[in-house]
Amino acid sequence: MARTIHEFRSPQRFVAGTVGVPGDRTFYLQVSQDARLMSVELEKQQVLILADRLGYLLDEVQRRFGTPVPPEVSEVSDTDPLESPVDAEFRVGSMGLGWDAEGASVVIELLAVTEQPIDESVILDDTDEGPDTLRIFLTADEAREFSARSMRVIAAGRPLCPLCSQPLDPEGHICARSNGYKRDAEFSRSVEFVDPEVLAGLSRLVPGFDASFDVDDDSGDDDSGDDDSGDDAAGDEAAGDGAAGDGAAGDDRAEDRGDEDDGDADDGDVGDGEGDD
């Protein structure tokens, strides 16, 4: 299909901006030169990639060709919002970056999204076939400024949850790391309540969570325990009876020996001692 290439060789302004509130923002790139104003819509992730790759491109130009480029900047001079009206010419599908050595400029190319995959050879090319394209030429200083502002625009969204690192919504946040999970809670080990798949899922979501458990048959152990305790008690009683009988026998023998020795009290005491043993 025939394409239209919108070219801005000396833009007065090229910025990333948004329309909407945090959590429901639409991202745009807007360029203006003289009386021309053009905006294109794209995803937040595309803005992030473009800002990051611009910095990488400038570093590579300096390393490979020795071309002096400015360092990264932290201060942003242009903090104004997008100019109105913000009417997107198209939605960005593909992006391209290049370096114009003759003009010492960064070339940014934004191509409209298409239903069919595009031939990468049309990127940074003037071929007549291909998607509509926005092409911008920036100095190294302008490219650094664009990257710095873009990162600020991205960071101006919703704050991140300290537990799961997902954006926090003003009306509430369902956190996979904390919702329904109490850190000091003790989970039941009963087979009636423990689901191994649930515990395995928690072990993946919560670092340090112990997903192991032992299943005990409470009913069987209780019955056997009662029988054993009864047998032991009966055995103790039997042993007690035996000891009492031995003691009595000892007393009888002591009395017998006492009679034979004409009622010696010392022999009777010894007999009692044998009975206690």
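Normalised radius of gyration for the range 7-71, please: alpha carbon Rg relative to 2.2 N^0.38 Å, two decimal places. Numbers along the way, then the final one.
Details: Rg = 14.8 Å, N = 65, 2.2 N^0.38 = 10.7 Å.
Its radius of gyration relative to the 2.2 N^0.38 Å reference: 1.38.
Expressed as a whole percentage, what fraction of the accessible surface of the range 1-131 belongs to carbon and sulfur atoms when a 1.4 Å probe is rolled over the protein heavy atoms? If you can, show how the numbers build up before the last one.
Working: 3560 of 7730 Å².
Carbon and sulfur atoms account for 46 percent of the accessible area of the range 1-131.
In percent, rounded to a whole number, the relative contact order of the range 1-56 is 26, using alpha-carbon pairs under 8 Å and six or more apart. In this structure, D80 and C175 have a Cβ-Cβ separation that, at R0 = 22 Å, corresponds to a calculated FRET efficiency of about 0.05. Restricting the calculation to Cα atoms, the range 66-139 shows an Rg/Rh of 1.04 when the hydrodynamic-style radius is the Kirkwood one. For the range 1-45, the Stokes-Einstein estimate of translational diffusion at 37 °C and a viscosity of 0.692 mPa s comes to 273 µm²/s, using the Kirkwood hydrodynamic radius over alpha-carbon pairs.
State whether the range 1-145 is rounded, prolate or oblate according to the following rule on the C-alpha gyration tensor (a ≥ b ≥ c being the square roots of its eigenvalues): a/c under 1.5 gives rounded; otherwise a/b larger than b/c gives prolate, and the remaining case gives oblate. It is oblate, given that a/c is not under 1.5 and a/b is not larger than b/c.
The values are calculated or read from the model by the stated rules, or taken from the named source; none is laboratory data. Computed from a predicted structure; not experimentally measured. Here the Cβ is made from the backbone with ideal geometry for all residues, glycine too, and neighbour counts use every protein chain on show. Ligands, DNA and RNA are stripped out before the accessible areas are found, and what is left, the full protein with its side chains, is counted by its heavy atoms. Shrake-Rupley method; radii C 1.70, N 1.55, O 1.52, S 1.80 Å.
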